[in-house]
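Structure record follows, encoded as structure tokens.
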Amino acid sequence: MQIFPMQIFPMKETALPDAIELLKIRRSVKPREMSGPGPSPAELETILTIGARVPDHGKLTPWRFIVFEGDARARAGDVIAKVFARKNPGAPAADIETEKRRFMEAPLVIGVVSFVKPHPKVPPWEQELSAGASAMNIVTAATALGYGANWLTGWFAFDRDVLAELGLRADEKLAGFIHIGTTPKASEDRPRPALADIVTRF
């Protein structure tokens, strides 16, 4: 089995079958460093299937996914820019254009929507953590398929006007947008915490 150095992110043509080696080198890739192609329909189905395979106390499924690809990315950007312009009436045209392109760098963006279902034994925190686990599974699945991935939010992920126009209900939150695409070059890793600084024994 080919082993990749810790500081190198695998490119599309080098999918890693070994889960431990994959998890050792996983890192986030900036959307501006991504290009096409994005995942195929079959790969996207695999990513979403793995995103739905997470710890879920009570089998409540307290999350769902919104897929933005193709023209849908531009339509979402128009929503974000429209709300931004309305709330920032003096904003320069360049800033509005930046908001329009929020989803245009990566060929695929997956929104992970989190919501809470009342349950006597499953508190909201556990349900929200399940949504976070779902987002991380999507990132990991995309990485395992050889793509770059990045879990992001931004001001618009918390703006109720934007979220409503993207189809979220009032009781739903956006856990994050996962940007996925091909990485044209290897990327340097960032420093990681030393285990001695974050691990204690009880």
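The values are calculated or read from the model by the stated rules, or taken from the named source; none is laboratory data. It should be emphasised that the depicted structure is a prediction, and the values quoted were computed from it without experimental measurement. Here the Cβ positions follow ideal geometry from the backbone for every residue, glycine too, while neighbour counts run over all protein chains shown. To get the accessible areas, we keep the full protein, side chains included, count just its heavy atoms, and leave off ligands, DNA and RNA. Shrake-Rupley method; radii C 1.70, N 1.55, O 1.52, S 1.80 Å.
What the table shows:
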| read-out | value |
| --- | --- |
| Descending principal axes extents, region 111-155, alpha-carbon based, whole Å | 41, 26, 11 |
| Environment charge of Gln127, counting only residues whose C-beta is closer than 14 Å and scoring Lys/Arg +1, Asp/Glu -1 | 0 |
| Selected from Ile66, Ile180, Ile20 as most flexible by GNM, with the chain as the system and alpha-carbon contacts under 10 Å | Ile20 |
| Reciprocal mean inverse distance between Cα atoms of region 42-158 - Kirkwood radius, Å | 15.8 Å |
| Choice from Ala170, Ala144, Ala72 showing the highest fluctuation, given a GNM over the chain with Cα pairs closer than 10 Å | Ala170 |
| The chain - charge dipole about Cα centre, Lys and Arg +1 at Cβ, Asp and Glu -1, debye rounded to 20 | 300 debye |
| Kyte-Doolittle at least -0.5, axis length at least 20 Å by Cα - qualifying DSSP helices, the chain | 71-87, 124-144 |
| Accessible area of the chain belonging to carbon and sulfur atoms, whole % at 1.4 Å probe | 59 percent |
| Binned Cα-Cα distances of region 145-202, short to long, each 10 Å bin given as a whole percent | 17, 28, 26, 25, 5 |
| Normalised convex hull volume, the chain, alpha-carbon set, Å³ per residue | 163 Å³ |
| Over region 99-191: Kirkwood hydrodynamic radius from C-alpha pairwise inverse distances, Å | 14.7 Å |
| Column: log10 I(q)/I(0), Debye, Cα scatterers of region 45-102, q = 0.23, 0.26 Å⁻¹ | -0.85, -0.98 |
| Shape call, region 14-84: gyration tensor on alpha carbons, a/c limit 1.5 | oblate |
| Count of lysine pairs in the chain with Cα separation under 30 Å (8 or more residues apart, or interchain) | 22 |
